[in-house]
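Asks: If you scroll down you'll find the structure; I have some questions about it.
Here, each number is a calculation from the coordinates, and none is a lab measurement. Just so it is clear, the model here is predicted, and its values are computed rather than measured. For neighbour counting, all protein chains shown are included, and Cβ atoms are generated from backbone atoms with ideal geometry for every residue, glycine included.
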Amino acid sequence: MKTSKLAPIVFLISSIAMIALYLGYDVADSSAILNFRLPRLLLAFLTGFVLSGVGSTYQAMLNNPLAEPYTLGTSAGAALGSTIGVILNLWWFVPLFGFLGALVSMLAVWILARSGGFLDKTRLLLSGIVSGMFFTAVISLLMYLNQQKLGSIINILLGNLEPVFTQSEWQFFIGVAGVSFILMFYLFAHANHLAAMTSGDLVASSLGVDVKKVRIRLFVVSSILIGIVVSYAGIIGFIGLIVPHITRMLFGVNQRRNMITSAFLGAVLLIFCDFIAKHVGKLIYSGVAIEIPVGVITAFFGAPFFLWIMMRKR
Amino acid sequence: MGFAPFFKIMKRSLILSGILMVVLLFFFLFSKVKNRAQGYVVTSPEAAEILAAIGVEDKIVAVTSECDYPPSLQDKPTVGSFSQISIEKVIAWNPKIVFATVPTQQAMISDLEKLGITTETVYIRTFDDLIKTIRRFGVLTKRNDVANQLADDLQQFIETVDIGPGPRPWVYIEIGDQFWTASDRTFVGEMVKLVGGRVLFHDLPNDYGKVSQEDVVMRNPDVILITYPGVTREDVMNRRGWQDVTACKTGRIYTAEDIDPDLIVRATPRSREAVVILGELLHRLPDNENQ
């Protein structure tokens, strides 16, 4: 009883400390904070928020503890869409391309995983992994054929939270981020439906949830969100997978609470990972700070955690 | 009931394969004699320019699509592009020597060496390297006199270059998309130093590397040098947060419009021209100091 009351306070204090550290550590002056740290913080926050929130949604909606945008191939689909946008030089429409890619990959996974009118758990993950591999292969091919866009495509593949903005692109991004937060609250509003769906489609239907309709709506909304986030930040894995599990352990299994706390914890955790990615290079080499792609850091934390969940479930 | 039928088949197939082997042997011997072309396959644009400058362009039989100077090289057959070479096509030319750039083409070089093909690699970081490479190519192609003359001229020219008047500017060299930059242990870094500039990221752990834009702005370069096409001065000035950078305030941003990217990233006899242009650019007065 006591720990569950203490946990939110500890979480709040440590996340404020993390954000302060992220903004203020080893910074030249206030203009650097305003021009580089703050946009990066906003993108990291948004990305972690969306990936974990959508991860929690997927896990409930598909009734599968290993579902997340990365394992289901949605991120890879969105990344392929964004890569095509980048190659065509359509910078303003890259989020739209990301959304289309996410939608296509989601549809592909859905069609592959359907068996006898129901979604099959194992087939879902397998088709997600397979389509993810396929989309990544297509990105690699495009990278091979378009060497002058190498830097941008590597950023999409490995995750990068410091995009180059012009002033107008920055304003556009703030708008897009606002829309994303609103869409996230739309997801949160479906928490009760999702809670019913964790008991299986049959139970949910008997409780009056139009399972098919809810699923389609949530698929489209989450594809928009993943498309936006991946087009700016690239593929960042494991955040959407591990965070809902951590919050379930810390705060219990209430779906609404799980979604909201997952989103916030995911945001803070990604900020933490990006902090490490930005500054760990200085430990190895004392000249210029060489940054490590943030996707590498999340995989370092996420992969052992993934294994641990697998072992525990057995 | 014996092994007789089996032996019969075996005998026949032995004779057949014997005949086949003799035919193949003749075919190979014949084709070897016929195919004894003694040309150079050049996959390195830098090596191609040096070879052309010492007058052996006619011995080059095949190039990569990036080998575009002198322009007459573009009429030669290609074996692929700089980073995507068809090793089969290289071997098919049966070259006397293959000239390549390392480390980019190291994989191809290793394969060719396994096949016993003579290879020459270039990785030029300084004018000293360049002069030595010219002399070495002269020996290889038996054009010592021309090559040594060229090398001596270049040596003399380098000795006349000075760092110019005024304070030495910090130069941020952007060699590729997403803040790929060069250290001072590269040829472009050497040229910047030669004409009096200082390389902003001289302390990169590798010769080339990716930095964060926050670090670029924090180090505040006096001059920005973009060595790849597709980025204009306005693009750089419009990057958010760059308006306080000295180079953006003074407009000392030089792109592909001011200096041909090939001229500045390649180490060739043409680099003399690059040094002259670069020296003029680095010491050009800022637009707003012309009162």
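Asks: Shape of the range B:194-252 from its Cα gyration tensor (a ≥ b ≥ c, root eigenvalues): rounded if a/c is under 1.5, otherwise prolate when a/b > b/c, or oblate?
Replies: rounded
Asks: Follow-up. Could you let me know the centre-to-centre spacing of the range B:185-222 and the range B:124-165, using Cα atoms, in angstrom?
Replies: Answer, in whole Å: 25.
Asks: Strictly over 32 Å apart at the Cα level, which of A:Lys282/B:Lys249; B:Lys132/B:Lys210; A:Lys121/A:Lys149; B:Lys89/B:Lys132 would you flag in this model?
Replies: Correct reply: A:Lys121/A:Lys149.
Asks: State, to one decimal in nm, how far the label point of B:Asn94 lies from the label point of A:Val138, with both points 7 Å from Cα in the Cβ direction.
Replies: Each label point lies 7 Å from its Cα, and together they span 4.5 nm.
Asks: Okay, next question. Rounded to the nearest 500, what is the 222 nm mean residue ellipticity of the protein assembly as shown from helices alone, with -39500 (n - 2.57) per DSSP H run of 4+ residues and division by all residues?
Replies: Mean residue ellipticity at 222 nm (helix-derived): -19500 deg cm²/dmol.
Asks: To continue, here is another question. Taking each residue in A:150-156, count the Cβ atoms of any other chain within 10 Å of its Cβ, then average. What number comes out?
Replies: 3
Asks: Can I ask one more? How would chain A be classified by its alpha-carbon gyration tensor: rounded, prolate or oblate, with rounded meaning a/c under 1.5 and the a/b versus b/c comparison settling the rest?
Replies: oblate
Asks: Assign one of three labels to the range A:114-209, namely rounded, prolate or oblate, based on the Cα gyration tensor with a ≥ b ≥ c the square roots of its eigenvalues; rounded applies when a/c is under 1.5, prolate when it is not and a/b is larger than b/c, and oblate otherwise.
Replies: oblate
Asks: Here is a follow-up. Starting from 0.36 nm per residue, how many nanometres of slack lie between B:Gln38 and B:Asp128 once their C-alpha separation is accounted for?
Replies: Full extension of this stretch gives 29.4 nm more.
Asks: How big is the Cα convex hull of the range A:45-193 in projection, averaged over all directions, in nm²?
Replies: Mean projected area of the Cα convex hull: 9.2 nm².
Asks: Over all Cα pairs of the range A:160-308, how is the pair count split among 5 Å bins, expressed in % and running from 0 up to the last occupied bin?
Replies: 2, 8, 13, 17, 18, 16, 11, 7, 4, 2, 1, 0, 0
Asks: Let me ask something else about it. Provide the percentage of antiparallel DSSP beta bridges, counting only those with both residues in the protein assembly as shown; round to the nearest 5.
Replies: Around 35 percent of the beta bridges assigned by DSSP in the protein assembly as shown are antiparallel ones.
Asks: Scan chain B and note any complete DSSP helix (H) whose C-alpha atoms cover at least 30 Å along its axis and whose Kyte-Doolittle average is -0.5 or more.
Replies: Qualifying helices: B:4-34.
Asks: Semi-axes of the range B:117-169's equivalent ellipsoid from the Cα gyration tensor, sqrt of 5 times each eigenvalue, largest first, rounded to whole Å?
Replies: 29, 15, 4
Asks: Taking the Cβ-Cβ separation of A:Arg114 and A:Asn192 as r and a Förster radius of 35 Å, what is the calculated FRET efficiency to the nearest 0.05?
Replies: That gives a FRET efficiency of 0.90.
Asks: Quick check: the distance between the Cα centres of the range B:257-286 and the range A:219-281, to the nearest angstrom?
Replies: Centre-to-centre distance over Cα atoms comes out at 48 Å.
Asks: For the ranges A:27-33, A:225-231, B:130-136, what's the packing order if you count other beta-carbon atoms within 10 Å of each residue, average per peptide, and put the highest first?
Replies: A:225-231, B:130-136, A:27-33
Asks: What do the square roots of 5 times the Cα gyration tensor eigenvalues come to for the range A:110-168, in whole Å, largest first, as semi-axes of the equivalent ellipsoid?
Replies: Semi-axes, largest first: 33, 15, 9 Å.
Asks: Quick check on the exposure proxy: order B:Tyr69, B:Tyr172 from fewest to most C-beta atoms within 10 angstrom.
Replies: B:Tyr69, B:Tyr172
Asks: Right, here's the next one. Using only Cα atoms, what is the ratio of the radius of gyration of the range A:67-149 to 2.2 N^0.38 Å?
Replies: 1.16
Asks: Could you calculate the FRET efficiency of B:Arg136 with A:Ser205 from 1/(1 + (r/R0)^6), where r is the beta carbon distance between them and R0 is 60 Å, rounded to 0.05?
Replies: For B:Arg136 and A:Ser205, the calculated efficiency is 0.15.
Asks: What aspartates and glutamates sit close enough to B:Lys59 to cross-link, taking a C-alpha to C-alpha distance under 14 Å and skipping anything fewer than 8 places away on the same chain?
Replies: The reachable aspartates and glutamates, counting only those whose Cα sits under 14 Å from B:Lys59, are B:Glu49, B:Asp75.
Asks: Counting only complete DSSP H runs, which helices of chain A cover 27 Å or more along their long axis at the Cα atoms and score a mean Kyte-Doolittle of 0.5 or above?
Replies: Flagged H segments are A:2-24, A:38-61, A:94-113, A:121-145, A:167-189, A:211-233, A:255-279, A:294-313.
Asks: Just grab the label-to-label distance for B:Ser72 and A:Phe172, each label 7 Å out from Cα along the Cβ direction, in nm (one decimal).
Replies: In this crude label model, B:Ser72 to A:Phe172 measures out at 4.9 nm.
Asks: For a Förster distance of 22 Å, can you work out the FRET efficiency between the beta-carbons of A:Ile284 and A:Asp29, rounded to the nearest 0.05?
Replies: Rounded to the nearest 0.05, the efficiency is 0.25.
Asks: A follow-up question, please. Extending each Cα 7 Å along its Cβ direction at B:Thr104 and B:Ser17, get the distance between those two points in nm, one decimal.
Replies: 4.6
Asks: Quick one: length gained pulling A:Ile276 to A:Gln148 fully straight, 0.36 nm per residue minus the C-alpha distance?
Replies: 43.2 nm
Asks: Take the Cα gyration tensor of the protein assembly as shown, multiply each eigenvalue by 5, square-root it, and list the three semi-axes largest first, rounded to whole angstrom.
Replies: 52, 40, 18
Asks: Okay, next question. Calculate the tail of P(r) for the range B:62-102: the fraction of all Cα-Cα distances greater than 14 Å, expressed in %.
Replies: Percent of Cα pairs beyond 14 Å in the range B:62-102: 43.
Asks: Straight-line reach from B:Lys193: which aspartates and glutamates have Cα under 16 Å away, leaving out those fewer than 8 places along the same chain?
Replies: Excluding near neighbours in sequence, the set is B:Asp128, B:Asp129, B:Glu159, B:Asp162, B:Glu174, B:Asp184, B:Asp203, B:Asp207, B:Asp222, B:Glu273, B:Glu280.
Asks: Taking the convex hull of the alpha carbon atoms in chain B, what volume per residue do you get, in Å³?
Replies: About 183 Å³ per residue, rounded to a whole number.
Asks: How long is the range A:1-76 along each principal axis, judged by its Cα atoms, biggest number first, in Å?
Replies: Principal-axis extents of the range A:1-76 (Cα, largest first): 48, 41, 13 Å.
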